[in-house]
Structure formats: C-alpha cells, structure tokens
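The values are calculated or read from the model by the stated rules, or taken from the named source; none is laboratory data. Please read all numbers here as calculations on a predicted model, not as lab measurements. As a convention, Cβ positions derive from the backbone with ideal geometry for all residues, glycine included, and neighbour counts pool all protein chains shown.
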Amino acid sequence: MITRIKGTQDFLDLSVYNWILQKTKKHLIEYNFHEIATPLLEPLELFKRSLGLETDVVSKEMYRVLSDTALNVRQAHDQRADDSENICLRPELTASIMRAFINAGIQETPWKVFSAGPAFRHERPQKGRYRQFHQMSMEIIGSESIMQDALFMAMLDTLFATVLNIKGYALLINYLGTRDDRAEYQKVLKKFLEKHSAELCDLCKQRMNSNIMRVFDCKQQACQKLYTAAPAIIDVMAQESVFEWQQLKNMLEELSVSYSVKPTLVRGLDYYNKTVFEFVSVDSQGLGAQNTFCGGGRYDTLATQIGAKNDYPSIGAAIGLERMQLLLEAQNSLISHNIKPALTVVIPLSFEQQPLALQIVQMLHAEHICADVIVDKGSVKSMFKAADKMGAQHAILIGSEEQASGTATIKNMTTGTEVNVPQRDIITHI
Ligand code: ATP
Ligand code: MG
C-alpha cells in the first residue's frame, strides 16, 4: 500500500473548508480586495531575503525542489548545478505576492489582494501543524498610514466574529517600531539577556547573538517566564513611534475592536516592522497548542529586500485554513449540516420503477434541488437506511402502486411522516 507523505492530509470532505473560503472571499471582496494566484514553485532566494536566514522556516523547514535534469547535472558536478537547484516550494504567500507585484510593475496603490492555497514547511506534524497546509493570505501593498492597520484588523475581527461566527478568541497586538527603534531596543534587550544568561536555554543563547528578538519565539516555559520581565520595545521607541502606536490603539478602540497588548509578540518571520498581531483561540476545546489561527503585520521594507527600487509600505495577514476548520468543527458540530443543501433521495422499489425514478430525479435537478437516487438493489428497509445514511431530508418512494397511480410517497426523514402526492406536486411538497 502506498500511503500519503508524512504531515500531509487527504481532505475527504471539503464542504467546511470551502464554506470558510467562500465566506472569507466574499468578505474580502466587500472590502475591495481582489483574488490572485502565484506559483507554488519559487526561487529559494525569495524567502532567504524576505523571511530571513535565521528564521526557523528558512534555516530548517524549506522544501527544495530538484528536477531530474538538475539532479543529473549535479551528479556530473556541472557548474550549472547551482542555478538549477535553487527552487523551493513556497512556505508562505506574502513574499510571493510582493514578488508578483514588483514583477508586474504595478503602479496603482494601494494594491489590495488575497490569495489562497498550499504552503509547505518541514515541521514536526501534530494537530493543527502540517507539512503541507493551506493559507488565505491578504495584503495591502503600498499604504503607509497606520489607519490602514486599524481598519485591516477591524476587517479581520468582523470576519471572525460575525461572518464565520468564531467563539472565544483574542486579538494580540504589538509594535516593533522602525529599524532604528529596533537597533536601540536590541542593545537594551541584550543587556537584559546577558544578565540572565545562566537561565537561558541553548537556543536562546544562540539567538542572542544571531537574531536577538527571536528569543521571544522560544518554546521553553522557563525562558518564557523570564521574558515576562524583559524590557519592552514600546518603552524605548522614538517619540514618533510612540505616537503612531497610540494612534493605532485609539483607532482600534474607536472601531470597537477588543485587543490585548503582548510585548513579546514578534512573529516568526523577519520582514515585519511596526504593527504585528495574532488572532488566537482561547477556547479550551479548540486547537490546543496550535492556537494561532491568523497572524500578520506591517512589512514596509519587504519590497526593497527582494530587489525593488522603492519601498512599498504594506500590511498583510494569513489565516491558517486547517486551524480555522478545526476550530469551527470543534465549536459547532452542526456546521456541516448547515453548509450542505437539503438532500432528496428517490427510491425505486424494483427494477421496473427505475426509469420513472430517474425521470423524477431529472425533474428535481431541473429545479436545482439537491437530489440522488438509489439504483443498487436492496430491501425497502435497507434502501431507506441508505437514504438516511446519505443524510436525506426527504425520501421519495416509487413502488408499483405509485407508478400505476402517477403518485409518489414522500417521507420526511426527520419526522418520519409520509404523504402520497401526485408526481407533478413533488416539487411544491418538498
Ligand atoms: P505558528 O506560531 O503556529 O508556528 P507561524 O507564526 O509560523 O505559526 P505564519 O507563518 O504567520 O505562522 O502563518 C500564518 C498562519 O498559518 C498561522 O497563524 C497558522 O494558522 C498557519 N500555519 C503556519 N504554519 C502552519 C503549519 N505548519 N500547519 C498548519 N497551519 C500553519
Ligand atoms: Mg511556525
């Protein structure tokens, strides 16, 4: 038996997944975003330059793609090997979207787009964490105002609270300031970490010298406990940054968006500056450890990082679609029923009634009613059982009597009541 690759999933029922996508797309379109798509294959360089070499994603989770030709070239120790090997499966969508924006030379900004699809990271698979997962990424490219950040988070908050009806979540926000703010902050943070270096785990000690703010990503409880006492960037930022940060919080309040400030929130990718945020589930039966279902922030210098002539200040976010699905399924077991249209199943009693049954199904389909027919032999009882298993709301029984009298027996599968009606009245009856 050939089994699927570790960390990937077969989606055997996409109804909830598609429902999330449809609702989210409609919501984004109402906020004047439009949908785009970019390739799954990208140059490795794109993510090295955007996410940063020291991030987990780039340093150990990338999937590189090697074609047979590239492999042969490599085995022949050919010089060209270097060019042909540097292709990867995208680990996220934002950098690709920015690349597409630059490649197309788009002049009209803000460019408000969204894109949904798979991303790949070689992580340890667990509930809510996969090696192929799916994101809905949305971006506003080319807009500098902090007001945009407030509106963007308010848009997401409305999506989760009202459109998708998610219960028990929180919006965590932080402000990473400008490059200068971070340079200043890193000195202060370094002093703090040096003072406590004996308490740090090995990874944090290493990060202290390579990419210092990444220490806040540490999964060790002891380190996290220590960091609650760490100095916060908001306390050392320049006056303009303090002002912008205050404006952002004020605007969120004016828009009635609840939030909590989490000073250690830095996000896992290096391209962020100023605003960063996460929507996390606080519902205990929800996602467990993988409780962040949406993360994002501002990335003002990503464009030049990946080779554009000018900076395009931007903000974006990505929703983890598997986590969103897990959350909705845990919170509302009826969701798949609500999503699927009501089903009518036609049951011909024997072979003689099958042609008539098929015509009735055709008539139902012409009226856009979700309908199916049972054509494989069985007893009446087993056919009703099968209709029930299929989730039928109505079953239409066609036996020899019905055939002779031009009628149909309609059974309401929820209440169990049966009525005999003329075949031409079936539609009005269901
Ligand atoms: P986490 O902290 O959970 O590892 P992240 O910070 O790496 O998340 P991002 O790169 O910001 O996540 O991706 C945005 C969203 O995509 C996350 O909030 C999460 O919902 C989802 N996501 C990220 N990695 C995975 C994965 N391996 N499997 C499933 N969903 C994922
Ligand atoms: Mg991660």
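Here are the numbers for this structure:
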quantity	calculated
Selected residue (only one of ILE315, ILE319, ILE374 is in contact with a helix residue (DSSP H, G or I) (Cβ under 6 Å, 6 or more places away or on another chain), buried (at least 18 other Cβ atoms within 10 Å of the Cβ), touching a residue at least 12 places away in the same chain (Cβ under 8 Å) and within 30 Å of ALA100 (Cβ to Cβ))	ILE315
Filter result for the condition that a residue is farther than 23 Å from THR275 by Cα, within 16 Å of ligand 1 (Cβ to nearest atom), touching a residue at least 12 places away in the same chain (Cβ under 8 Å) and buried (at least 19 other Cβ atoms within 10 Å of the Cβ), over ARG129, ARG90	ARG90
Residue selected from region 272-286 under the condition over 20 Å from MET147 (Cβ atoms) and away from ligand 1 (no atom under 11 Å from the Cβ), by the criterion surrounded by the most Cβ atoms within 10 Å (Cβ to Cβ)	GLY286
Hey, SER59 within 16 Å of ligand 2 (Cβ to nearest atom), assigned by TED's automatic domain parsing to the domain that holds SER314, without any contact (Cβ under 8 Å) to a residue 24 or more places away in the chain and within 29 Å of GLY128 (Cβ to Cβ) or not	yes
Residue within region 111-121 that is closer than 30 Å to PRO313 by Cβ, of a type in the set (Lys, Arg) and part of a loop (DSSP other than H, G, I, E, B) present	yes
Test for LEU93: is it within 16 Å of ligand 2 (Cβ to nearest atom), out of contact with any Cys (no Cβ under 7 Å at 6 or more places or on another chain) and under 19 Å from THR304 (Cα atoms)	yes
Residues of region 1-10 satisfying the condition of being within 16 Å of ligand 1 (Cβ to nearest atom) and of a type in the set (A, V, I, L, M)	ILE5
Matching residues, region 132-151, being within 16 Å of ligand 2 (Cβ to nearest atom) and over 15 Å from TYR272 (Cβ atoms)	GLN132, PHE133, HIS134, GLN135
Hits in region 107-131 - residues which are more than 16 Å from ligand 2 (Cβ to nearest atom) and of a type in the set (Ser, Thr, Tyr)	THR109, SER115
Residue identified as modelled with pLDDT under 95, surrounded by fewer than 20 Cβ atoms within 10 Å (Cβ to Cβ) and touching a strand residue (DSSP E or B) at 6+ places or on another chain (Cβ under 6 Å) among ALA289, ALA330, ALA342	ALA342
Members of region 11-48 that are under 30 Å from ILE212 (Cα atoms), within 16 Å of ligand 1 (Cβ to nearest atom) and assigned to a helix (DSSP H, G or I)	LEU46, PHE47, LYS48
Some residue of region 183-195 being surrounded by 14 or more Cβ atoms within 10 Å (Cβ to Cβ), within 29 Å of the chain's Cα centre (by Cα), touching a residue at least 12 places away in the same chain (Cβ under 8 Å) and within 20 Å of LEU269 (Cβ to Cβ)	no
Residues of region 286-316 satisfying the condition of being of a type in the set (S, T, N, Q) and within 16 Å of ligand 2 (Cβ to nearest atom)	GLN290, ASN291, THR292
Criterion violated by SER59 - all others in (1) polar (S, T, N, Q); (2) surrounded by fewer than 11 Cβ atoms within 10 Å (Cβ to Cβ); (3) at pLDDT below 95 satisfied	(2)
Identity of the residue in region 345-356, among the hydrophobic types (A, V, I, L, M, F, W, C) and crowded, with 22+ Cβ neighbours inside 10 Å, that ends up farthest from the chain's Cα centre (by Cα)	ILE347
Unmet criterion (only one of (1) more than 30 Å from LYS219 (Cβ to Cβ); (2) hydrophobic (A, V, I, L, M, F, W, C); (3) in contact with a Lys or Arg (Cβ under 6 Å, 6 or more places away or on another chain)) for PHE293	(1)
Evaluation of PRO341 against (1) within 22 Å of LYS25 (Cβ to Cβ); (2) within 16 Å of ligand 1 (Cβ to nearest atom) (one fails), failing number	(2)
Filter result for the condition that a residue is touching a residue at least 12 places away in the same chain (Cβ under 8 Å), under 30 Å from ASP10 (Cα atoms) and buried (at least 22 other Cβ atoms within 10 Å of the Cβ), over GLU123, GLU139	GLU139
Tally of residues being among the small types (Gly, Ala, Ser) and in contact with an Asp or Glu (Cβ under 7 Å, 6 or more places away or on another chain) across region 219-248	3
Unique residue being in a strand (DSSP E or B), assigned by TED's automatic domain parsing to the domain that holds ILE319 and β-branched (Val, Ile, Thr) when the list is ILE173, ILE97, ILE166	ILE173
